[in-house]
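Read through the structure below, which is laid out as structure tokens, and then see the notes.
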Amino acid sequence: MVARRPRRRSIRLVIGSATHVGRIRDVNQDDVASGDDVYVVADGMGGHRGGEVASTVATAAVVQGFTGPDRASLVHAVRLANRAVLERAAADPELSGMGTTLCALAVVDGPGGQGGPDALAVVNIGDSRVYRLDAGGLVRVSDDHSLVADLVRAGELTPDEAAVHPQRNILTRALGIEADPTIDSWELPPALGDRFLLCSDGLFNELDDVRISELLGDGPAHEVAGRLVAEAVVEGGHDNVTALVVEVVDGPEVPPSGRPAIPAARPERITGPVLSRPKGDDPRATLRATIGSVAAVVIATILVLSLSAGQGWFIGDDDGDVAVFRGRPSGILWFDPTFVEGGDLRMSRLDDSTRAAVLETIPVGNLKEARRLIEGFRSHLSDPILSNPDLSNVNTGDQ
Ligand code: MG
């Protein structure tokens with residue numbers, strides 16, 4: 001590992017973070033980590049312990065691998081994380097096929113180099129998100145790498161349709177899938193009072209942008225992450241929920257002219273792009289390009305993961321019955337799942353929240369876990385499932 005030179009920084013940050021398993025899942029596959037000048041959120045996927053291991057391995061690798069001083073170093077650290085996830089999966093058959101999203105923010109030298117104003121580097125792969133809140137409001141920095149996000153960019157879906165689309169969990173990029181994934185990055189000028197939110201999809205699938213903006217801007221930064229996560233759990237908690245809030249508490253003022261728009265992502269990979277972003281104004285050409293690029297990634301993903309596809313388990317809807325399936329309904333790829341058992345609990349008997357979760361499918365580690373969850377559904381048939389989640393389980397951290 002390259003030793004890191006201590007650097008004098010022109011900005012100062014405070015952070016707060018929180019994560020919660022949610023109200024449906026047994027295991028928290030999200031992970032949040034921070035190191036010197038670097039802050040990371042990851043959302044893992046994969047049966048058994050896979051997702052949990054993938055996200056933890058990836059965040060640790062980024063924290064350790066980021067040695068500064070620039071955006072390229074952060075992108076490099078994400079590549080090291082990808083390699084670490086692949087190597088760990090190759091070494092343990094139980095972890096085969098695991099993957100993770102990842103987003104990170106780091107303080108780096110600005111365009112003037114060391115000694116000049118600092119910049120913030122942001123990276124993203126998958127559908128965890130980075131937002132920025134400033135006096136002008138909430139803006140999303142990162143782009144989702146998902147099937148529905150590609151269809152929104154192609155004009156085929158509206159953002160509102162995408163937000164509730166049953167296949168919104170299908171990713172087109174993640175760590176742990178291929179040797180050289182495309183990683184998006186940005187370099188942004190920080191300003192006093194900026195608040196950045198790094199979060200997993202379990203947060204923004206429960207809270208809309210208006211509510212995220214309200215909560216993110218209200219109260220001390222180190223308390224905000226816990227409130228965001230707690231409210232997402234109360235609003236549904238269908239997935240693991242993680243938030244990391246970074247506030248610029250010492251830094252340059254926003255210029256009177258305001259902030260420039262968030263620039264387009266710089267997608268980088270070592271061997272050249274395989275997945276090209278659609279170009280041109282012709283919507284049909286754009287859609288064809290999008291479908292082509294999505295198909296290319298899906299095919300590549302299937303090639304990589306087909307051996308492990310049967311290893312997943314999930315609870316889903318089988319023609320009006322709650323059922324257990326083998327396979328992967330969503331996540332990193334989408335295979336035809338195999339029906340395992342079911343038929344003795346009608347979907348119509350479930351409360352709204354549980355029914356919605358089952359319709360969306362609930363990944364589980366094995367058949368035993370599936371049966372236990374379904375037993376839990378039975379004991380709550382007339383009541384909302386876990387209507388009073390114990391939010392004392394929200395794990396918070398600040399620095
Ligand atoms: Mg998630």
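The values are calculated or read from the model by the stated rules, or taken from the named source; none is laboratory data. Not measured: the values here are computed from a predicted model. Quick reminder, even Gly has a Cβ in these numbers, built from the backbone with ideal geometry, and neighbours come from all protein chains shown. Quick note on the areas: whole protein, heavy atoms, side chains included, nothing else; ligands and nucleic acids left out. Shrake-Rupley method; radii C 1.70, N 1.55, O 1.52, S 1.80 Å.
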*Could you work out the relative contact order of segment 59-174, using alpha carbon pairs under 8 angstrom and six or more residues apart, expressed as a whole percent?*
18 percent
*Hey, any idea what % of segment 1-145's accessible area is carbon plus sulfur with a 1.4 Å probe?*
50 percent
*Given a cut-off of 19 Å, what percent of all Cα-Cα pairs of segment 20-108 lie beyond it?*
36 percent
_Net charge of Cβ neighbours under 13 Å - reference residue 190; Lys, Arg +1; Asp, Glu -1_ = -4
_Proximal charge balance of residue 358 [Cβ under 12 Å; K/R count +1, D/E count -1]_ = -3
*Which value, in debye to the nearest 20, gives the size of the charge dipole of segment 84-208 about its Cα centre, when Lys and Arg are +1 and Asp and Glu are -1 at the Cβ?*
180 debye
*Given charges at beta-carbon only (K, R positive; D, E negative), |dipole| of segment 140-224 in Debye*: 60 debye
_Sequence of 353, 10, 146 from largest to smallest accessible area, 1.4 Å probe_ = 10, 353, 146
*Considering the dipole of segment 121-205 built from charges on the beta carbon (Lys and Arg +1, Asp and Glu -1) around the Cα centre, which of 130, 148, 182 is farthest to its positive end?*
130
*Excluding residue 26 itself, what net charge comes from residues whose Cβ is under 10 Å from its Cβ, given Lys and Arg +1 and Asp and Glu -1?*
+1
_Distance from segment 348-381 to segment 188-207 (C-alpha centre basis), Å_ = 31 Å
